[in-house]
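Heads up, the thing below is written out as structure tokens.
The values are calculated or read from the model by the stated rules, or taken from the named source; none is laboratory data. Values in this document were obtained by computation on a predicted structure and should not be read as measured data. Here the Cβ positions follow ideal geometry from the backbone for every residue, glycine too, while neighbour counts run over all protein chains shown.
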Amino acid sequence: MSSEPTQTSVYVHFPWCARKCPYCDFATEPIRANAVPHEGYADAVLRELGARAADLQGRQLKSIFFGGGTPSLWGPNALNRTLQGITSAFELVSDELEVTVECNPSSLTRENAALLREAGVGRLSVGVQSLRDSHLRFLGRLHDSKRAVAALREAIDEMPRVSADLMFGMPGQTLAELGEDIARIADTGVEHVSAYALTIEEKTMFGSLHRAGKLRVAPEEQYADLFEHAEECFADLGWTHYEVSNYSAEGQESRHNLHYWRGGAYVGLGAAAVGCLDHGPGRAERWRNDPNPQRYLEQDTLGAEVEELGPEEIIREALMLGLRTIDGMNLAATEKRAGRDPKIGREREVERALERGNLVQAGDWLRVPQDRWLKLDGIVRDLF
């Protein structure tokens, strides 16, 4: 009897955007003089896909996520060609294949959304970040609140599923302001929101300003209050807080991200993309592609940095990702991937966390209670 195919997702990184945001530390660069090699980049991604063909045998395609950067700026023909190439590369494709494209309100049009839908995209993730103009200016965004709302409504008119990104923790932001943002987003018909705290990353413009004492940062107490208020607002809508930074109406969870958080295999394509594929119990390979778009375009062979993962690395990854979700980490599934019981070597730490209420175990599932999510990083760190 043949074994079940391994569910596998694909992430495609599009490294260009209209303008680099001051808080962004992703591997992206602003478009200069319309210099994006649309078809050339599609050729490079498909070339990489072909070079990884042997690793795709016996796998079923579960989801595709185009991230960036702003992949909605990719020429429709080039993106469509890439999407079709990916689906053709797998012998098996899920009947519920989820295809997501990230986009920004400043560049999303109804026509563009319709073209993406015709190409096979079924979900848009719109980088709204805020619906207050003062916050949008602070964040260096190219759109205003009016355009953000219009973009969400246009996306919903053309696309079966739409998610919005929302940021909180801007200096001086009030609970009422965040609550109003959430209500206005939900009013558009959006049924999924990724809500992130503003984080000052070292290698960003905000990082430089903060080091120079020119950027005021919200205190931790404000972040905690805003996080808890967001949770209350989404609960009032009847949504589920299914991952630390993600909320959804019933059935609207991101299947791509859930697969990733649950330790599923994924192929990373494009400049700076990261992938991780299992090669039997206790063995996995993670790679990171060259972050420089020009070098990536010129490569004839795979030029990724490769890291071999053993049982302990697989278990640590499962703890870091799985405990972010409302369901938690599945111990049996992790043992199958790692080739050993994930509790071995950390029995005392797990027992202590259970006694303190920082962990709860129900059957094969080990999770962090939602009322402890603000302490999640420390709880996970104590298990290492």
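Quick check on Arg52: is it out of contact with any strand residue (DSSP E or B) (no Cβ under 8 Å at 6 or more places or on another chain), assigned by TED's automatic domain parsing to the domain that holds Gln129 and touching a residue at least 12 places away in the same chain (Cβ under 8 Å)?
Against the criterion (out of contact with any strand residue (DSSP E or B) (no Cβ under 8 Å at 6 or more places or on another chain), assigned by TED's automatic domain parsing to the domain that holds Gln129 and touching a residue at least 12 places away in the same chain (Cβ under 8 Å)), Arg52 does not qualify.
Across the range 55-78, what is the total count of residues that are touching a residue at least 60 places away in the same chain (Cβ under 8 Å) and not acidic (Asp, Glu)?
Going through the range 55-78 one residue at a time, the tally reaches 7.
Being outside any loop (DSSP other than H, G, I, E, B) and not aromatic (Phe, Trp, Tyr) is the filter here, so list the residues in the range 201-221 that pass it.
Met205, Gly207, Ser208, Leu209, His210, Arg211, Glu220, Glu221
Tell me which strands (runs of 3 or more DSSP E) are completely within the range 227-311 and hold 1 or more residues being acidic (Asp, Glu) and either under 21 Å from the mean Cα position of the chain (by Cα) or modelled with pLDDT under 95 (or both), or say none if there are none.
Those strands (runs of 3 or more DSSP E) span 240-243, 274-278, 284-288, 305-309.
Name the residue, out of Thr82, Thr70, that is in contact with a Cys (Cβ under 7 Å, 6 or more places away or on another chain), of a type outside the set (Asp, Glu) and at pLDDT 90 or above.
Within the list Thr82, Thr70, the selection yields Thr70.
Is it the case that the range 203-212 has a residue that's touching a residue at least 24 places away in the same chain (Cβ under 8 Å) and within 30 Å of Glu98 (Cα to Cα)?
No, the range 203-212 contains no residue that is touching a residue at least 24 places away in the same chain (Cβ under 8 Å) and within 30 Å of Glu98 (Cα to Cα).
All but one of (1) assigned to a strand (DSSP E or B); (2) crowded, with 19+ Cβ neighbours inside 10 Å hold for Trp373; state the number of the condition that does not hold.
(1)
Consider Val190 against the criteria (1) without any contact (Cβ under 8 Å) to a residue 12 or more places away in the chain; (2) within 20 Å of the chain's Cα centre (by Cα): it satisfies all of them except one. Which criterion is unmet?
(1)
Within the range 73-85, is even one residue among the aromatic types (Phe, Trp, Tyr), in contact with a helix residue (DSSP H, G or I) (Cβ under 7 Å, 6 or more places away or on another chain) and within 17 Å of Gly275 (Cβ to Cβ)?
In the first step, residues of the range 73-85 are kept if they are among the aromatic types (Phe, Trp, Tyr); the result is 74.
Those left that are additionally in contact with a helix residue (DSSP H, G or I) (Cβ under 7 Å, 6 or more places away or on another chain): 74.
Those left that are additionally within 17 Å of Gly275 (Cβ to Cβ): none.
No.
Inspect all residues belonging to the range 232-243 and state whether any of them is assigned by TED's automatic domain parsing to the domain that holds Asp181 and in contact with a Leu (Cβ under 6 Å, 6 or more places away or on another chain).
There is no residue in the range 232-243 that is assigned by TED's automatic domain parsing to the domain that holds Asp181 and in contact with a Leu (Cβ under 6 Å, 6 or more places away or on another chain).
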